[in-house]
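A.B. asks: Attaching a single structure in C-alpha cells format; questions to follow.
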Amino acid sequence: MTELNDGKPRKIKSARPYSFTLEEDTTSYGTYIRGGIVTQVKPPKVLKFKTLKEAIKEPGEFLMSDFSKFDRPPLLHLAFQALDKFRTELLRFPIAGSAEDAQKLIDFAISINESLGESKLEEIDKKLLQHFASGSRAILNPMAAMFGGIVGQEVVKACSGKFHPLYQFFYFDSVESLPIEPLEASDLKPENSRYDAQISVFGTKLQKKLEQSKIFMVGSGALGCEFLKNLALMGISCSENGKLTVTDDDVIEKSNLSRQFLFRDWNIGQPKSTVAATAAMAINPKLHVEALQNRASPETENVFNDAFWESLDAVVNALDNVTARMYIDSRCVYFQKPLLESGTLGAKCNTQMVIPHLTENYGASRDPPEKQAPMCTVHSFPHNIDHCLTWARSEFEGLLEKTPTEVNAFLSNPSGYATAARTAGDAQARDQLERVIECLNRDKCDTFQDCITWARLKFEDYFANRVKQLTFTFPEDAMTSSGAPFWSAPKRFPRPLEFSSSDPSHLNFLLAASILRAETFGIPIPDWAKNPKKLAEAVDKVILPDFQPKQGVKIETDEKATSLSSASVDDAAVIEELIAKLEAISKTLPPGFHMNPIQFEKDDDTNFHMDLIAGFANMRARNYSIPEVDKLKAKFIAGRIIPAIATSTAMATGLVCLELYKVLAGGHKVEDYRNTFANLAIPLFSMAEPVPPKTIKHQDMAWTVWDRWTITGNITLRELLEWLKEKGLNAYSISCGTSLLYNSMFPRHKERLDKKVVDVAREVAKVEVPSYRRHLDVVVACEDDDDIDVDIPLVSIYFR
C-alpha cells in the first residue's frame, strides 16, 4: 500500500497495539501485505478565548477541582465581582472579622446577581461570602505556592505552545482548612508581625500552634526545598518550643539546580539538608530547624528513637522512592502520627493525607509495578529507542564497571574467587569467568592504540556481526511454528552497519569507547586522540577478522526468559577449565596490576559516559531503523531521570501545607481533608476525601491498622495467651521479628509458657531491647471459637 508513503498525517480509528483502521477510502490503493512503520502525530489545536469583559458576563464552563463543591465556582465568580465593586467604591479590602464589611460585600453580590437575568444564581451561600470577605486581603503562602505553580505552568504553555492551556476560569477554595470553631473578631486582629495575614484568616491561637509545632520532614530535594520555604513563611516551628527536624543523606548535584531553588552552584557537593536549612533560616531567622544527614531507615532507629517519634506533631514526606515512603508510613502508623505525603512526575502531582484513625495509611494501597521490556526484546528485538538505551546502559555497566570489578575481585583473592565460582557452578558463573578471561587476555590493552582496536572490534561485533548472525538464524522470510511471519510487529528486521571513519557518529562512538577503555586500564590519553583526522587514521589501521554466521546458534526469543545464559550439563567441568586458564593468565600480568571500574555518571558532560551510551543506542537504533536521539534525550532515558519541574512541585507543597493547617489545628473530620491528583499539562485537578481505614470487628470490639494493643507488666507467654482468651481469641502462634516464640503445634514450645515473653525473645530471637525502648512488640496469630482467623493489632508489652 505504497500510497501511504507520502508522509501526510492521516486520521485513524480502532487503534490497537499493532494495528489500526484508516479513516479514508482505500479501495483504489494497492494491497497491504505486511510491515511498515507509523509514527503518531499530534496536530496543533486552536483555542479561542473570550476577552475578560465578555468572560466575566458569560464565564461558560468552569474547570472543576472538587466535585463535592459543584456549585462553588459560580458563587466564587460572583464573589470576586462583588469584591472588585467593594474595592472600587471603598478603596480598600474588607476588614477581617468585620460583620459590617462582610454584609456590604454580600449586598454587592446580591445586587450583581439580580442584574444577571436568566443566568443568576438561585441561592447565595452567605456564610461562604462572610469567609470570603474576611480573608480577602490575606496573602497565604500555601495558596500562593499552589496558584504560583498553576500560573507558572500556564506561562510556560503560552511561551512554548506545549500542553493544553487552562481554558478561561478556574476557581479554588480550601474553606475546610479554617478552624472548626468560629473565630471572634479579636482573634483576627493584626499583631504587627510577619504573620498578620495568616492571623487574619486563622486567628492567633492557631498561629501559636504553628510556631510551637514539632515537625519531622524527610528529604530536602525538590519537594523539600519548596516545603522548607513554605514552612518558614508560615511560621512553622518558629518559636523556642517548636522544632523542625529535616534529614536527607544526599548531597547536591548540578542537575538539582534547575528546580531545587534553595541551592546554588557553590553548594554542589554539600549536604542537601544543611544547605536547605540554612537557606530557610535566611527566609525566617526565627525558624528553629535541625538538619541531619541520616537516612530514615531501620538502621537509624537509635537516632530517630521512640522519644523522638513520640514528641512529633506531624511528619512531612519529601521523598522520591516508594521504599522510604513505606518505612516512614510504618513508623507513623506505629506511633500514630499524621503523615502528609506528596509526589510529582513531570507536570503531574499527587498528595495524600494519612491521619491517625481517620484515613487509611499510605501502604494500604499500592500502584502496580512498572512494566519492563522482556530481556529478549532489549537484547535482540528492540522496537523503540528506550529498548536501545536500556541495552546501552547495560553494556556500559558490563564492560566498564562489572567486568573490571570482577577482575579486581579475582586478582585480590584468586583462591576465594575460584571457590565461589565452583560453589555457584552455574551458567552465570561460567559466563562471568569467560568475561574476566576475555578482558585479561584477548581484550587486554597496553597502549591507546590497543584501546582503539578494542573499540573498533566491538563496533563490528555489536552492529555488524551480531546482526548478521541474527538474520542468518532468523531470515527475513522466517516463519514461527504457528505459520505466522517471525518478523511481524512489533519486531523490526535489522540491517548490519558498515563502518566508515568518515561518519562522525561512528568516529564519536569509537572515541568515547577508546577513552573509557583506556581509563579502566590506567592508560594515558594522547593529545591526538580528540583530533578526528588522526583518530580516523588510527582506526583505519585496525585489521578485522573475517566473520561467518554459524549454524545452530541459540538466540533467546522467549519473552518470559530472565537470563540470556544457557545452562549446559558440563558447566562444572567448563568452570574448572576456565579457572585453570584464568590462573595461567594471571601469572603473565605485571606485579600490582589492577583495573579501574567506571561508575556511570550522567551529569558530567566531559567524562564521555553519555557520549558512549548515546553512541551505543543510536548505532543500534540505526540497525533497526529506529529514530535516533540526541545526547540530552539519551541522558534523560538512560540516566533514569524522573522528569521534575518547579511548577508541579510548588502546587503539591502548597496543597499539603493547606492540609497542615487542619492537622495542627486538630478536631477536623475526615470529610475536611483532601487528597489530590493533578496534571498541569491537561490541565486536570481532582480532589477527594481520603479513604477511611479498613475496620476489623470481633464480638463487641473493632479496630483498624492504627490500633496497637498494649499490656503493662513483664508478663509470661501463658499470661499473654490468657489475656487474649479473655477477649475471645485463641492464640496459636506468637512471633517477634522473624523468629517464632511460640506455636501450639510444637510440644517443646509448651516448656516456654511460664517464661517471660521478653526472656523468650532474648533466648530464641536473640532480641536485645535497646535502653531507649521500654517495650517489646510481638505479632500474634489468633482464631475465634469457630476456628476462623482473626487479624489482630500488634501487641506491645511494656515490661520496664
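A.B. asks: Give the range 504-534 a look and list any residue that's closer than 28 Å to Arg466 by Cα and open to solvent by 40 Å² or more (accessible area, probe 1.4 Å), or say none.
C.D. replies: Pro504, Asn508, Glu519, Pro532 - these are the residues of the range 504-534 that are closer than 28 Å to Arg466 by Cα and open to solvent by 40 Å² or more (accessible area, probe 1.4 Å).
A.B. asks: Just the residues that are closer than 21 Å to Tyr362 by Cα, assigned to a loop (DSSP other than H, G, I, E, B) and not basic (Lys, Arg), please, taken from the range 691-706.
C.D. replies: Selection gives Val691, Pro692, Pro693, Thr695, Thr704, Val705, Trp706.
A.B. asks: Determine which member of the set Ala478, Ala484 is in contact with a strand residue (DSSP E or B) (Cβ under 8 Å, 6 or more places away or on another chain), within 30 Å of Asp558 (Cβ to Cβ) and without any contact (Cβ under 8 Å) to a residue 40 or more places away in the chain.
C.D. replies: Result: Ala478 is the single residue among Ala478, Ala484 that is in contact with a strand residue (DSSP E or B) (Cβ under 8 Å, 6 or more places away or on another chain), within 30 Å of Asp558 (Cβ to Cβ) and without any contact (Cβ under 8 Å) to a residue 40 or more places away in the chain.
For (1) more than 18 Å from Glu498 (Cα to Cα); (2) in contact with an Asp or Glu (Cβ under 9 Å, 6 or more places away or on another chain), each residue gets a yes or a no:
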{"site": "Asp603", "(1), (2)": "yes, yes"}
{"site": "Asn623", "(1), (2)": "no, no"}
{"site": "Ile626", "(1), (2)": "no, no"}
{"site": "Lys631", "(1), (2)": "yes, yes"}
{"site": "Ile641", "(1), (2)": "yes, no"}
{"site": "Ser648", "(1), (2)": "yes, no"}
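A.B. asks: Now for a different question. Can you name the residue in the range 246-262 that is more than 18 Å from the chain's Cα centre (by Cα) and in contact (Cβ under 8 Å) with a residue 60 or more places away in the chain and, of all such residues, is least open to solvent (accessible area, probe 1.4 Å)?
C.D. replies: My answer is Phe261.
A.B. asks: Pick out the one residue from Ile236, Ile180 that is touching a residue at least 24 places away in the same chain (Cβ under 8 Å), open to solvent by 10 Å² or more (accessible area, probe 1.4 Å) and in a loop (DSSP other than H, G, I, E, B).
C.D. replies: Matching residue, one of Ile236, Ile180: Ile180.
A.B. asks: Can you tell me which residue within the range 63-90, out of those that are in contact with a Phe, Trp or Tyr (Cβ under 6 Å, 6 or more places away or on another chain) and open to solvent by 40 Å² or more (accessible area, probe 1.4 Å), is nearest to Gln103 (Cα to Cα)?
C.D. replies: Looking at residues that are in contact with a Phe, Trp or Tyr (Cβ under 6 Å, 6 or more places away or on another chain) and open to solvent by 40 Å² or more (accessible area, probe 1.4 Å), I get Lys85.
A.B. asks: Then there is this: List the pairs whose first member sits in the range 370-391 and is farther than 17 Å from Pro494 by Cα, whose second member is at pLDDT 90 or above and in a helix (DSSP H, G or I), and whose Cβ atoms are under 8 Å apart, counting only residues at least 6 apart or on separate chains?
C.D. replies: Final answer for the pair search is Ala373/Asp386; Ala373/His387; Ala373/Thr390.
A.B. asks: Can you confirm whether the range 312-320 contains a residue that is of a type in the set (S, T, N, Q) and either under 23 Å from Glu601 (Cα atoms) or crowded, with 17+ Cβ neighbours inside 10 Å (or both)?
C.D. replies: Yes, the conditions are met somewhere in the range 312-320.
A.B. asks: Just the residues that are in a helix (DSSP H, G or I), open to solvent by 100 Å² or more (accessible area, probe 1.4 Å) and closer than 29 Å to Leu655 by Cα, please, taken from the range 42-62.
C.D. replies: Selection gives Leu52 alone.
A.B. asks: Would you confirm whether any residue within the range 131-149 is buried (at least 19 other Cβ atoms within 10 Å of the Cβ) and in contact with a strand residue (DSSP E or B) (Cβ under 9 Å, 6 or more places away or on another chain)?
C.D. replies: yes
A.B. asks: Looking at Leu658, Leu729, which is the one that is crowded, with 16+ Cβ neighbours inside 10 Å and either farther than 30 Å from His164 by Cβ or of a type outside the set (A, V, I, L, M) (or both)?
C.D. replies: That would be Leu729, the only listed residue that is crowded, with 16+ Cβ neighbours inside 10 Å and either farther than 30 Å from His164 by Cβ or of a type outside the set (A, V, I, L, M) (or both).
A.B. asks: Moving to a separate point now. Which residue out of Trp709, Trp723 is assigned to a strand (DSSP E or B), of a type in the set (A, V, I, L, M, F, W, C) and either open to solvent by 30 Å² or more (accessible area, probe 1.4 Å) or touching a residue at least 12 places away in the same chain (Cβ under 8 Å) (or both)?
C.D. replies: Residue meeting the stated conditions: Trp709.
A.B. asks: Need a quick list: helices (runs of 4 or more DSSP H) entirely within the range 329-412 having at least 3 residues that are open to solvent by 30 Å² or more (accessible area, probe 1.4 Å).
C.D. replies: 385-397, 403-412
A.B. asks: While we're looking at this one, here's another question. May I ask you to list the residues in the range 671-690 that are exposed (fewer than 14 other Cβ atoms within 10 Å of the Cβ) and of a type in the set (Val, Ile, Thr)?
C.D. replies: The answer is Ile682, and nothing else.
A.B. asks: Considering only strands (runs of 3 or more DSSP E) fully contained in the range 726-800, which possess at least 3 residues that are touching an Asp or Glu at 6+ places or on another chain (Cβ under 9 Å) and more than 25 Å from Phe304 (Cβ to Cβ)?
C.D. replies: 730-736, 775-783
A.B. asks: Do we find a residue being open to solvent by 20 Å² or more (accessible area, probe 1.4 Å), farther than 26 Å from Thr344 by Cα and touching a Pro at 6+ places or on another chain (Cβ under 6 Å) anywhere in the range 196-211?
C.D. replies: The answer is yes; a qualifying residue exists.
A.B. asks: Any residue in the range 563-585 that's basic (Lys, Arg) and open to solvent by 70 Å² or more (accessible area, probe 1.4 Å): show its pairings with residues that are in a loop (DSSP other than H, G, I, E, B) and at pLDDT below 90 at Cβ separation under 9 Å, as long as the two are six or more apart or on different chains.
C.D. replies: If the second residue must be in a loop (DSSP other than H, G, I, E, B) and at pLDDT below 90, the pairs left are Lys581/Asn441.
A.B. asks: Within the set of pairs 6+ apart or on separate chains, which have a first residue in the range 299-315 that is within 13 Å of Met217 (Cβ to Cβ), a second that is part of a loop (DSSP other than H, G, I, E, B) and aliphatic (A, V, I, L, M), and C-beta atoms under 7 Å apart?
C.D. replies: Sorted first by the residue in the range 299-315, then by its partner, the pairs are Phe304/Ala296.
A.B. asks: Tell me which residues, restricted to the range 345-378, are among the β-branched types (Val, Ile, Thr), modelled with pLDDT of 90 or more and more than 21 Å from the chain's Cα centre (by Cα).
C.D. replies: Selection gives Ile355, Thr359.
Residue-by-condition table, conditions (1) in contact with a Ser or Thr (Cβ under 6 Å, 6 or more places away or on another chain); (2) in a helix (DSSP H, G or I); (3) at pLDDT 90 or above:
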| site | (1), (2), (3) |
| --- | --- |
| Ala567 | no, no, no |
| Val574 | no, yes, no |
| His594 | no, no, yes |
| Asp604 | no, no, no |
| Asp611 | no, yes, yes |
| Ala617 | no, yes, yes |
| Glu628 | no, no, yes |
| Ser648 | yes, yes, yes |
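A.B. asks: Now, a different point. When the range 421-469 is examined, which residues are found to be open to solvent by less than 40 Å² (accessible area, probe 1.4 Å) and more than 30 Å from Lys534 (Cα to Cα)?
C.D. replies: Result: Ala421, Gly425, Ala427, Ala429, Arg430, Asp431, Leu433, Val436, Ile437, Gln469.
A.B. asks: Considering only the range 742-768, how many residues are among the hydroxyl-bearing types (Ser, Thr, Tyr) and over 41 Å from the mean Cα position of the chain (by Cα)?
C.D. replies: 1
A.B. asks: Which residue, of Thr31, Thr39, Thr26, is touching a helix residue (DSSP H, G or I) at 6+ places or on another chain (Cβ under 9 Å), polar (S, T, N, Q) and not in a strand (DSSP E or B)?
C.D. replies: Checking each option against the conditions leaves just Thr26.
A.B. asks: Sticking with this one: Tell me which residues, restricted to the range 424-468, are without any contact (Cβ under 8 Å) to a residue 12 or more places away in the chain and either on the phi > 0 side of the Ramachandran plot or touching a Pro at 6+ places or on another chain (Cβ under 6 Å) (or both).
C.D. replies: Those that are without any contact (Cβ under 8 Å) to a residue 12 or more places away in the chain and either on the phi > 0 side of the Ramachandran plot or touching a Pro at 6+ places or on another chain (Cβ under 6 Å) (or both): none in the range 424-468.
A.B. asks: Of the conditions (1) open to solvent by 60 Å² or more (accessible area, probe 1.4 Å); (2) outside any helix (DSSP H, G or I); (3) of a type in the set (Gly, Ala, Ser), Gly97 clears all except one; give me its number.
C.D. replies: (1)
The values are calculated or read from the model by the stated rules, or taken from the named source; none is laboratory data. Since the structure is predicted, the reported quantities are computational estimates derived from the model, not experimental observations. With ideal geometry, Cβ positions are generated from the backbone for all residues, glycine too; neighbour counts draw on all protein chains shown. Keep in mind that these areas ignore ligands, DNA and RNA; they rest on the heavy atoms of the full protein, side chains included. Shrake-Rupley method; radii C 1.70, N 1.55, O 1.52, S 1.80 Å.
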